[in-house]
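What follows is calculated from the coordinates using simple rules that are stated; it is not laboratory data. Predicted, not measured: the structure shown is a model, and the values here were computed from it. We place every Cβ from the backbone using ideal geometry, glycine too, and count neighbours over all the protein chains shown.
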Amino acid sequence: KDSSDLFGSLFEAPPLVRVVPVLVPLPVPGAYSYAVPEGMHVEPGSVVQVPVGPRQLIGVVWDGENADTAPPGLDPKKLRPITLAFDCPPLSKEMRDFVDWVAAYTLSPPGLVARMAIRAPAALGPEPMVEGLRYLGGQPERLTPARTRVLELAGGEDIPWTRSGLAHAAGVSLSVIDGLTAQGMFETIFLPPPPVVAKPEPDYTAPRIEGVQKETAEEIVGSIRAGGFSAALIDGVTGSGKTEVYFEAIAETLRRGKQVLILLPEIALTTSFLERFEDRFGAKPGEWHSDLSPRMREKVWRGVVTGEVRVVAGARSALFLPFEELGLIIVDEEHDPAYKQEDRVFYNARDMAVVRARIGDFPIVLVSATPSVESQVNGLSGRYNTVHLPTRFGDAALPDLHLIDMRRHPPERGGFLSPVLIRAIAKTIEKGEQALLFLNRRGYAPLTLCRVCGHRFQCPQCSSWLVEHRFRNQIQCHQCGYAEPTPEACPECGTLDHLVACGPGVERIAEEVEKHFPDARTIVMSSDLLGSVKRMRLELEAIARGEADIVIGTQLVAKGHNFPLMTLVGIVDSDLGLSNGDPRAAERTFQLLSQVTGRAGRTGLKSHGLLQTFQPQHPVMQAIVSGDAGAFYEREISERERALLPPFGRLASLIVSADTRADAENHARGLRAAAPKVTGISVLGPAEAPLALVRGRHRFRLLVHGRRNSDMQGFLKAMLAHGPKQRGSVQIQLDIDPQSF
Ligand code: ADP
Ligand code: ZN
């Protein structure tokens with residue numbers, strides 16, 4: 001026996017201090033160590049509050065990767081203790097592995113990734129209980145008619161009442177209730193808070209699927225029954241019934257007692273989706289997006305971790321919700337650029353959703369009318385099971401699409417709409433139907449200059465032109481939000497009233513429409529004009545009810561909406577996205593144009609799409625009008641393959657920014673010089689970033705290109721480690737799989 005056993009009772013041994021690593025929401029490489037106070041229970045995944053310097057921050061107790069940063073030989077007694085442990089279930093092992101994976105893949109600080117999973121409890125106190133009353137019986141000293149009514153009600157039903165609920169039901173004042181409680185007729189109890197959303201029932205209504213939909217749904221449900229990870233891609237034209245098909249995958253998952261996550265790019269605007277879901281399942285899904293109130297966020301978050309919320313429909317950030325038992329992810333409009341987050345942690349929620357499903361060993365379903373090249377390639381290689389829905393459901397038909405060659409049918413002087421398009425609008429509104437004019441440009445004109453001296457209005461802190469917003473009488477920077485009143489005189493030559501607007505924005509198109517159709521009801525749908533999400537929702541509902549003849553809109557109107565009376569879609573500038581030199585430009589333009597024209601003809605009415613273009617021979621335009629997406633994608637895929645561009649090669653972009661141009665450029669050059677020599681990986685640049693100046697910061701970009709199986713992360717880590725020390729105002733943004741390159 002060793003001596004400590006003998007003398008343990010004689011000498012007071014110091015209490016053992018337990019030390020745990022905690023990921024804090026800061027851009028640091030790993031966890032910090034904290035002491036666990038006696039009596040506090042924490043385990044890996046526990047959400048805790050810890051002191052960091054003078055602040056208190058919310059973090060997560062960690063284990064495994066990213067956890068061991070406590071220096072060896074550290075004296076635990078010197079560590080600061082955890083302040084408090086939140087009363088919520090710990091993040092699961094699956095969730096912790098996912099956070100570690102995303103941090104390693106995106107080369108982001110793990111604490112910033114973990115932060116996305118625990119954003120809501122930052123505001124969480126203990127869940128507030130509702131104060132309720134239980135009827136105990138007995139007789140009050142004095143019986144008034146009001147008291148009689150209360151006691152009859154309370155005695156008649158053996159349910160707990162809330163104080164105000166009972167007063168309201170009995171038609172008495174609160175003081176009557178309080179008087180009875182004081183005399184012992186009621187006792188105060190605590191009721192659990194009401195659920196956030198009711199439980200969706202998989203068999204609330206019968207499935208609405210037939211023909212090819214049914215086969216498709218059965219195939220997907222089959223792989224859900226088989227269990228484990230699987231990935232399916234539903235490739236079906238707009239209105240083909242893809243939603244109805246994936247509803248069956250959701251129903252099957254609910255039957256198996258698992259939770260479901262539906263990712264949607266514009267969830268805040270798609271109230272009609274929530275209603276459709278409710279029609280099928282008898283309850284709405286929980287919503288998750290940036291427009292929720294903090295209180296609601298908290299409730300949904302708690303419902304998700306405890307398992308009370310069974311289905312969440314959310315924006316990309318919902319991917320980091322710590323579900324109790326997630327069993328299926330749907331990514332609707334999987335090609336949508338809105339899935340890419342380009343802030344702090346740069347990630348593509350579509351790609352990370354596949355990773356989450358793989359780690360959790362459950363199925364994922366990607367959905368699109370125009371799947372991304374990446375997903376198509378995964379379909380071709382057999383990694384995804386692609387299913388097709390080639391036609392619209394029922395008697396709805398896709399719109400007839402025609403190009404308007406703007407060289408042959410030019411608009412009137414000063415206008416932007418071809419006479420062909422104007423005639424089509426006239427015909428449409430004569431029939432009492434709706435026309436949509438799409439232009440993805442806010443404001444009045446993208447460029448304003450002085451007719452006399454040629455002065456252009458540029459943002460003082462960005463390398464971008466100021467855009468005139470005539471409805472608000474402002475010129476604005478679309479990069480940083482800088483705005484000033486539209487000047488009356490040119491700041492350079494002083495000439496009055498000589499400003500000319502170059503090119504169209506939606507406001508200018510609205511002016512032109514007004515001139516041609518003064519009696520039509522016109523709505524301009526542009527985020528800056530509508531302000532709040534609520535306003536946007538109301539306007540979209542008004543359009544769906546037929547309360548507008550002509551809608552002029554940016555991409556706000558492109559996604560997911562169902563406007564029954566919309567029979568004409570006119571694209572003001574089909575070439576707009578093509579000329580920016582980005583290899584994804586053709587794909588993006590094809591997707592956007594398909595989606596916007598897909599707003600027309602959702603009911604049985606005959607519908608048209610007219611696309612104004614100066615490049616009618618362009619493969620995108622040809623693919624759109626011929627309806628042959630296959631040939632277009634085949635070409636895109638083979639071009640990417642030849643150039644070893646994603647998904648046949650890998651890319652990363654590093655943007656180095658600083659307060660001075662020289663600092664940014666020098667640092668970028670230093671990084672380039674520090675790049676290790678690795679076959680199959682090369683560095684391009686540095687060159688001025690596509691936006692060379694943003695908010696006063698100068699930006700240089702390095703592009704790293706690697707072969708498909710190259711260790712991009714290892715390469716970048718080595719480059720950053722051997723590169724110049726980051727000092728002064730220098731910042732580096734690292735984007736793995738950038739959207740544009
Ligand atoms: P997508 O998601 O492909 O755009 P939707 O699922 O929204 O298509 O379906 C388009 C329209 O057809 C919707 O109004 C939907 O309610 C209807 N629909 C789809 N499938 C059926 C079905 N099997 N029975 C009845 N209506 C259906
Ligand atoms: Zn600016």
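Give the list, by residue number, of cysteines in the chain with no other Cys Cβ closer than 4.7 Å, or say none.
C88, C480, C502
Enumerate the lysines that K93 could reach by cross-link, defined here as Cα to Cα under 20 Å, with residues fewer than 8 away along the same chain left out.
List returned: K258.
Using r as the Cβ-Cβ distance of E201 and E514, and R0 as 35 Å, what FRET efficiency do you calculate, to the nearest 0.05? Before the final figure, lay out each step's value.
Values: r = 49 Å, r/R0 = 1.41.
Between E201 and E514 the formula returns 0.10.
Count neighbours as other Cβ atoms within 10 Å of each site's Cβ, and list the trypsin sites (Lys or Arg not before Pro) in the range 417-525 that are DSSP loop with at most 15 such neighbours.
K431, R451, R521
When DSSP beta bridges are limited to those with both residues in the range 680-741, what percentage is antiparallel, rounded to the nearest 5?
Taking every DSSP beta bridge within the range 680-741, about 100 percent pair in antiparallel fashion.
Counting Lys and Arg as +1 and Asp and Glu as -1, what is the net charge of the other residues whose Cβ lies under 14 Å from the Cβ of D395?
Taking every other residue near D395 into account, the sum is +2.
Listed highest first by mean packing, meaning other Cβ atoms within 10 Å per residue, what order do 541-552, 616-627, 322-333 come in?
Ranked from most to least packed, the peptides come out as 322-333, 541-552, 616-627.
Between E215 and V17, what is the label-to-label distance in nm when each label sits 7 Å out along the Cα-to-Cβ direction?
So the label points at E215 and V17 sit 6.9 nm apart.
Report the gain in length on full extension from R423 to E547: 0.36 nm times residue separation, minus Cα-Cα distance, nm rounded to one decimal.
Residue separation times 0.36 nm, minus the Cα-Cα distance, leaves 42.5 nm.
Could you work out how far apart the two model spin labels at Q739 and D158 are, taking each label as a point 7 Å from the Cα in the direction of the beta carbon, and quote it in nm?
About 5.9 nm separates the two model spin labels.
Under 5 Å between amide hydrogens, which residues at least 5 positions from V569 or on another chain qualify, with H placed 1.01 Å from N in the peptide plane?
Under 5 Å from the amide H of V569: L436, H608, G609, L610.
Could you sort 132-138, 499-505, 588-594 so that the peptide with the highest average Cβ count within 10 Å comes first and the rest follow in order?
Listed from highest to lowest mean packing, they are 588-594, 499-505, 132-138.
Please give the peptides 179-188, 309-318 ranked by average Cβ packing (other Cβ atoms within 10 Å per residue), highest first, as a rough proxy for protection. Please list the in-between numbers first.
Details: 179-188: 15.9, 309-318: 23.5.
Output ranking for 179-188, 309-318: 309-318, 179-188.
Exceeding 20 Å between C-alpha atoms, which entries from my cross-link table qualify? They are K242/K427; K515/K606; K427/K606; K284/K534; K677/K717; K534/K559.
K242/K427; K515/K606
Compute the length gained on full extension between Q726 and R119: take 0.36 nm times their separation in residues and subtract their Cα-Cα distance, giving the result in nm to one decimal.
215.6 nm is the gain from fully extending Q726 to R119.
Each residue of the range 597-608 in turn: what ³J(HN,Hα) in whole Hz from Karplus with 6.51, -1.76, 1.60 and θ = phi - 60°, glycine and Pro shown as x?
Listing the rounded values in order: 5, x, 6, 8, x, 7, 10, x, 5, 5, 9, 9 Hz.
What order do you get for V506, V197 when you list them from fewest to most C-beta neighbours inside 10 Å? If you can, show how the numbers build up before the last one.
Values: V506 26, V197 19.
Exposure proxy ranking, most exposed first: V197, V506.
Per residue of the range 510-516, in order, report the coupling 6.51 cos²θ - 1.76 cosθ + 1.60 (Karplus, θ = phi - 60°) as ³J(HN,Hα) in whole Hz, putting x for Gly and Pro.
For the range 510-516, the Karplus curve yields 4, 5, 5, 4, 4, 5, 7 Hz.
Ordered by residue, what ³J(HN,Hα) values in Hz, to whole numbers, does the range 617-630 give under the Karplus form 6.51 cos²θ - 1.76 cosθ + 1.60, where θ = phi - 60° and Gly and Pro are x?
8, 4, x, 5, 5, 5, 5, 5, 6, 7, x, 9, 5, x
Considering amide H positions built from the backbone, and no H for Pro or chain starts, which residues 5 or more places from S464, or on another chain, come under 5 Å of its amide H?
Here the answer is C459, since their amide H atoms fall under 5 Å of that of S464.
In what sequence do K77, K199 fall when counting other Cβ within 10 Å, fewest first?
Ordered from fewest to most neighbouring Cβ atoms within 10 Å, K77, K199 come out as K77, K199.
Determine the calculated [θ] at 222 nm for the chain from helices alone, applying -39500 (n - 2.57) to every DSSP H run no shorter than 4 residues and normalising by the residue count; nearest 500 deg cm²/dmol.
About -9000 deg cm²/dmol.
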